[in-house]
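As structure tokens, the structure follows; a few thoughts come after it.
The values are calculated or read from the model by the stated rules, or taken from the named source; none is laboratory data. Note that the structure is predicted; figures quoted are calculated from it, not measured. Every residue, glycine as well, gets a Cβ built from its backbone with ideal geometry; the counts of neighbours run over all protein chains shown.
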Amino acid sequence: MSVWSGVLDSCPGLLCCIVNTRGKLLYATHGYKAVASRLFGHKCDEGRNYPPMITELDRGIHEAMTAACLGTTDAIEISENGKIWELTAAPLKIDDGGISGVVLRISSESPPSTSQALPPVVMSNPEILNSVPFRAGITDSHGTFLAVNRFLASCVRAELVGRNIIELVSPEDCPGLIHIITKRAGSVECTMPDISAGENFYPFDVVTYLDDELNELPKDAEIDSLRRVVLHATPAEWNGTQAVMMTFEDVTEFRRTHDQLRRLLTVDTHTGILNRSGIEHVIRRRLTETVNDGGHMSLIAIRVENFRYLNETRGYAPADRIMRSFVRAMKKYLEGRPGSVLGRWSEDEFVVVAQCSGAAAVVMANEIRANTRDVIFSAGVADLTDGGYMSASEFIGAAYDAMCGAVKSGGNATALARNS
């Protein structure tokens, strides 16, 4: 509870809740509970099914959540005394291969739609553009800004007129942006690292992103000017020629929260390495890649045998420090082994994904033991090539069984799984 609260409540004014794929409400911010109670009549009890499926509106929310579980962001609008609220359901992804829940967010500002847009034909009148109540600009058919309204100008400390919008987004976003400019219609979400946020954008802290594949924080994570923006294109005419009206919807706050939640679901909070869910996904992805592309892959399952003894004799806090020191030692050792990924399987168990043969993985486990203080552990190694395993579960089970065999044979040893 406190972990979810720390993530969601770190964004002031965020009306947001998290529901897992089984429909259980995991956490809701105080603001969400208050607004949901007024708009929907929901009590928002954590641990219970959400929404309660009583009214037609509940069914609409449920359908949006179902779409999110299938990987699509969906939204419904609710009217309250002339004010429009929007509830957005977005998938909470561990990464591209799996969805672990749904993020529900209530906002009082609906995204730009055709009803808000400028008329299809717009004369070259800045006052018309300034009358649009959201951030907007006019570009030519190539993406060069011809004009911007006061809302967009006040948010960006940069001269936009005469500059091409394609220059302002990350290279990987360009194909999508070029496509909607060419069509003169559609929407695309972009990263805009070259635009410094003005006072009208929400001032976020610097955010660091976890690289799940390499299990480390990327270098040069100074991204205080990074913005996530949804760009909406609408056909327009400017000075008698075809143009495009671009509206800017800042979604940085929502994406920042989403990334924090994603990290929370895949990272062990005590040690900073991948948790069981995160390392399981890496194993499955690496297994598929290795089968398709060839090469070597091995798993090392590690159990700290004296963990309980450390807790009983030294106390919880000192034992926890020893475990963190053990993790740091393993991470330092694995830095010289490209492609190796470390994860925490349980309280006293760890898994290493290694791009090497089983024999080489046995050497790795023994070298880790030789460079470890205070911790006594046994390890089991499974070699994908030698074992011919049919599934990730079978592969993981082989390494785990080998580890248990090493413990039963006396401990403080490493055992290699043998193909039966």
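Would you be able to say whether some residue in region 278-294 is over 20 Å from A361 (Cα atoms) and of a type in the set (G, A, S)?
Among the residues of region 278-294, at least one is over 20 Å from A361 (Cα atoms) and of a type in the set (G, A, S), which makes the answer yes.
With respect to N371, determine if the residue is closer than 24 Å to G295 by Cα and either among the small types (G, A, S) or modelled with pLDDT under 95 (or both). Steps first, answer last, please.
Working: closer than 24 Å to G295 by Cα: no; either among the small types (G, A, S) or modelled with pLDDT under 95 (or both): yes.
Taking the combined requirement at face value, the residue does not satisfy it.
Just checking, which of A413, A361, A382, A402 is surrounded by fewer than 22 Cβ atoms within 10 Å (Cβ to Cβ) and either without any contact (Cβ under 8 Å) to a residue 24 or more places away in the chain or of a type outside the set (D, E, K, R) (or both)? Before you say what the answer is, go through the steps one by one.
Details: A361 fails: surrounded by fewer than 22 Cβ atoms within 10 Å (Cβ to Cβ); A382 fails: surrounded by fewer than 22 Cβ atoms within 10 Å (Cβ to Cβ); A402 fails: surrounded by fewer than 22 Cβ atoms within 10 Å (Cβ to Cβ).
Answer to the check: A413.
Being at pLDDT below 85, in a loop (DSSP other than H, G, I, E, B) and crowded, with 18+ Cβ neighbours inside 10 Å narrows it down to one residue among L92, L14; which is it?
Working: L92 fails: in a loop (DSSP other than H, G, I, E, B).
Criteria check complete, one pass: L14.
How many residues are modelled with pLDDT of 90 or more and touching a Gly at 6+ places or on another chain (Cβ under 8 Å) when one looks only at region 25-52?
3
Scan the strands (runs of 3 or more DSSP E) fully inside region 221-309 and keep the ones with 1 or more residues being more than 30 Å from I178 (Cβ to Cβ) and of a type in the set (S, T, Y). Give the steps one after another, and end with the answer.
On the way: elements: 228-238, 241-250, 298-304.
Filter on region 221-309 gives 298-304.
Among the residues of region 228-287, which ones are small (G, A, S), crowded, with 18+ Cβ neighbours inside 10 Å and touching a residue at least 60 places away in the same chain (Cβ under 8 Å)?
Initial filter on region 228-287 (small (G, A, S)): 233, 236, 240, 243, 272, 277-278.
From the residues that got through so far, the ones that are crowded, with 18+ Cβ neighbours inside 10 Å too are 233, 236, 243, 278.
Of everything in region 228-287, those that are small (G, A, S), crowded, with 18+ Cβ neighbours inside 10 Å and touching a residue at least 60 places away in the same chain (Cβ under 8 Å) turn out to be A236, A243, G278.
Picking from T66, T73, T55, which residue would you name as being touching a Ser or Thr at 6+ places or on another chain (Cβ under 8 Å) and either in contact (Cβ under 8 Å) with a residue 40 or more places away in the chain or hydroxyl-bearing (S, T, Y) (or both)?
Values: T66 fails: touching a Ser or Thr at 6+ places or on another chain (Cβ under 8 Å); T55 fails: touching a Ser or Thr at 6+ places or on another chain (Cβ under 8 Å).
T73 is the lone residue from the list that is touching a Ser or Thr at 6+ places or on another chain (Cβ under 8 Å) and either in contact (Cβ under 8 Å) with a residue 40 or more places away in the chain or hydroxyl-bearing (S, T, Y) (or both).
Quick one: count up the residues across region 297-308 that are at pLDDT 90 or above and either polar (S, T, N, Q) or surrounded by fewer than 18 Cβ atoms within 10 Å (Cβ to Cβ) (or both).
3
Restricting to region 123-168, what's the tally of residues that are modelled with pLDDT under 80, among the polar types (S, T, N, Q) and either assigned to a strand (DSSP E or B) or under 14 Å from E237 (Cα atoms) (or both)?
The total comes to 2.
So which residues in region 78-89 are part of a strand (DSSP E or B) and at pLDDT below 85?
Taking region 78-89 and keeping what is part of a strand (DSSP E or B), we get 78-80, 83-89.
S79, E80, K83, I84, listed by residue number.
Give region 315-347 a look and list any residue that's of a type in the set (S, T, Y) and exposed (fewer than 13 other Cβ atoms within 10 Å of the Cβ), or say none.
Keep residues of region 315-347 that are of a type in the set (S, T, Y), which gives 316, 325, 333, 340, 346.
Scanning region 315-347 gives Y316, S346.
For region 63-72, what are the residues that are surrounded by fewer than 16 Cβ atoms within 10 Å (Cβ to Cβ) and either touching a Cys at 6+ places or on another chain (Cβ under 9 Å) or not acidic (D, E) (or both)?
T66, L70, G71, T72
Scanning region 338-372 for residues that are closer than 14 Å to L299 by Cβ and assigned to a loop (DSSP other than H, G, I, E, B), which turns out farthest from the chain's Cα centre (by Cα)?
Looking at residues that are closer than 14 Å to L299 by Cβ and assigned to a loop (DSSP other than H, G, I, E, B), I get S357.
With respect to G397, determine if the residue is surrounded by fewer than 22 Cβ atoms within 10 Å (Cβ to Cβ) and in a loop (DSSP other than H, G, I, E, B). Full working, then the answer.
Numbers: surrounded by fewer than 22 Cβ atoms within 10 Å (Cβ to Cβ): yes; in a loop (DSSP other than H, G, I, E, B): no.
Against the criterion (surrounded by fewer than 22 Cβ atoms within 10 Å (Cβ to Cβ) and in a loop (DSSP other than H, G, I, E, B)), G397 does not qualify.
Go through region 17-30 and give me each residue that's free of Cβ contacts under 8 Å to residues at least 60 places away in the same chain, surrounded by fewer than 20 Cβ atoms within 10 Å (Cβ to Cβ) and outside any strand (DSSP E or B).
In the first step, residues of region 17-30 are kept if they are free of Cβ contacts under 8 Å to residues at least 60 places away in the same chain; the result is 22-25, 27-30.
Those still in the list that are surrounded by fewer than 20 Cβ atoms within 10 Å (Cβ to Cβ) too: 22-24, 30.
Selection gives R22, G23, H30.
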